[in-house]
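A short write-up of the structure that comes next.
The values are calculated or read from the model by the stated rules, or taken from the named source; none is laboratory data. Quantities reported herein were computed from a predicted structural model and do not represent experimental measurements. Here the Cβ positions follow ideal geometry from the backbone for every residue, glycine too, while neighbour counts run over all protein chains shown.
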Amino acid sequence: MRRARSLKRIVADLERPVEMLEELVHQCSVGFIERYGQPAKAIASAPGRINVIGEHTDYNEGLALSGAIDRWVVVALSPRGDRQIRVYSEAFNQEATASLEDPIANEVVGWGRIPLGTGLLFAELAAVDAGFDALIGGNVPLGAGLSSSAALEVAVLNALRHAFDISLDNLELVRTAQGVEHEHLGVKTGLMDQYTSQFAHRKELMLVDFRTVSHEYIEASLKGWVWLLLDSGVRRQLADSSYGARVNETRVALERVVRVIAEVSSFRDLKEEHLAAVDDDVLRRRLRHYVTENDRVQQAAKAITAGEPEALGRLLRASHVSLRDDYAVSCAELDVLVDAAACWDECAGARMMGGGFGGCTINLVRASAVNCFLDHACPEFERRFGHTPAAGIFHLVRGAYVHQ
């Protein structure tokens, strides 16, 4: 019973996303004044994201079906009169500093490299010769696969663009945010997280094509069903995981196909019959996930548009099997949660979500059966791993926004 009451509190909170964001913005505004002695010139928010399907495809010009959720990073910011950057995180109760003259010091690790790296790339891109003070707040869970780092990058860049009155279009902003991951975190991520955080619409998912870097919006109302996330509690840093290895493996595999099949020159040219050209079983399975996952994304968009949750659920389950077996980015905790969901009729389907090696599962659950689903899905996990997975239901919200 304790778990059911706790979830009801979560659902009640999430039914007021606008008020929740207003509270976070107010807290950040007050916190900035208390710390720096004056009001912030800009306050911007950027949401975390869910990815319904289309995992590990964005960095290879693939497809994804994603949306922003009612969990935000909020950044209050003001330019300085010198070239110093000072950034304070309420979540970590720490300040990180840098200078426009110097690279980020080696001792700055973890969260601090993200806003400092964002500031340095922005200053270079916009030819800005002044630093800034910033305070970071919000409520995106850290390390849960909801893209807290991308939300932070996007929020900082929106605040900087406004505070310094710089003309920077949204796609350039998103690419700059991605550059922070590449240059300052050492992770060759794709564009999905930042792209979704910037461009998302309320109550809609985005079908994103990363070859053309374009998207279309899909109304995401599956009446009577909700997106429930279960957090495995396993935290991972992509820089410390095998994420980079997967990026390299797929590119090596593509090169082998290109050498022997004339009509293939890019990832999106690949078809399942081309995979036989790869003589290495591991590399062949990496490409098989890519090809089949792109097909699942297209089918999933049709299932949502047609209002067919059961068809969508089967695609979610197939996606997890592919991520587990062909792409090898799952873990025991995620597999137990997905297997438990598969045994319950009121859950249409589930899969691991995000980069993998930990984080959350995304579950399509009948709204009237959420508490029963938790009572069914959690006991085996508790028995195996000794703790209860955190649960939450999320609404789809708009992307990044400047509040002042």
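Values computed for the structure shown
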quantity: Residue match in segment 303-310 (condition: touching a strand residue (DSSP E or B) at 6+ places or on another chain (Cβ under 9 Å), closer than 23 Å to Glu219 by Cβ, modelled with pLDDT of 95 or more and crowded, with 17+ Cβ neighbours inside 10 Å); calculated: yes
quantity: Within segment 326-361, considering residues that are of a type in the set (Asp, Glu) and over 22 Å from the mean Cα position of the chain (by Cα), the one modelled with the lowest pLDDT; calculated: Asp345
quantity: Residue match in segment 48-57 (condition: surrounded by 24 or more Cβ atoms within 10 Å (Cβ to Cβ), under 16 Å from Val156 (Cβ atoms) and in contact with a strand residue (DSSP E or B) (Cβ under 8 Å, 6 or more places away or on another chain)); calculated: yes
quantity: Among the residues listed as Lys223, Lys188, the single one being surrounded by 15 or more Cβ atoms within 10 Å (Cβ to Cβ) and either in contact (Cβ under 8 Å) with a residue 40 or more places away in the chain or on the phi > 0 side of the Ramachandran plot (or both); calculated: Lys188
quantity: Selected residue (only one of Val258, Val264, Val180 is touching an Asp or Glu at 6+ places or on another chain (Cβ under 8 Å) and aliphatic (A, V, I, L, M)); calculated: Val180
quantity: Checklist (1) assigned by TED's automatic domain parsing to the domain that holds Ile85; (2) on the phi > 0 side of the Ramachandran plot applied to Leu173, failing item; calculated: (2)
quantity: Residue that is at pLDDT below 95, of a type outside the set (Ser, Thr, Tyr) and assigned by TED's automatic domain parsing to the domain that holds Leu191, where the choices are Asp82, Asp70; calculated: Asp70
quantity: Restricting segment 135-169 to residues that are touching a Pro at 6+ places or on another chain (Cβ under 8 Å) and modelled with pLDDT under 95, the residue that is farthest from Val30 (Cα to Cα); calculated: Ser148
quantity: Considering residues of segment 227-246 that are buried (at least 18 other Cβ atoms within 10 Å of the Cβ) and modelled with pLDDT of 90 or more only, the residue nearest to Glu308 (Cα to Cα); calculated: Trp227
quantity: Leading residue by the ranking (surrounded by the most Cβ atoms within 10 Å (Cβ to Cβ)) among those in segment 91-116 that are touching a strand residue (DSSP E or B) at 6+ places or on another chain (Cβ under 6 Å) and touching a residue at least 60 places away in the same chain (Cβ under 8 Å); calculated: Leu116
quantity: Among the residues listed as Leu120, Leu142, Leu125, Leu146, the single one being touching a Gly at 6+ places or on another chain (Cβ under 7 Å) and in the same structural domain as Val180 (by TED's automatic domain parsing); calculated: Leu146
quantity: Single residue of segment 252-291 satisfying the filter (surrounded by fewer than 16 Cβ atoms within 10 Å (Cβ to Cβ) and within 26 Å of the chain's Cα centre (by Cα)) that is nearest to Ser66 (Cα to Cα); calculated: Ser266
quantity: Per-region count, segment 117-171, residues in a helix (DSSP H, G or I) and either crowded, with 18+ Cβ neighbours inside 10 Å or touching a residue at least 12 places away in the same chain (Cβ under 8 Å) (or both); calculated: 27
quantity: Residue count, segment 30-46 (criterion: in a strand (DSSP E or B) and surrounded by fewer than 24 Cβ atoms within 10 Å (Cβ to Cβ)); calculated: 1
quantity: Options Val258, Val321, Val264, Val278: the member that is of a type in the set (Val, Ile, Thr) and touching a His at 6+ places or on another chain (Cβ under 9 Å); calculated: Val264
quantity: Test: residue in segment 355-362 that is assigned by TED's automatic domain parsing to the domain that holds Leu230, β-branched (Val, Ile, Thr) and farther than 25 Å from Glu308 by Cβ; calculated: no
quantity: Positions within segment 153-182 being closer than 12 Å to Gly117 by Cβ and among the hydroxyl-bearing types (Ser, Thr, Tyr), in sequence order; calculated: Thr176
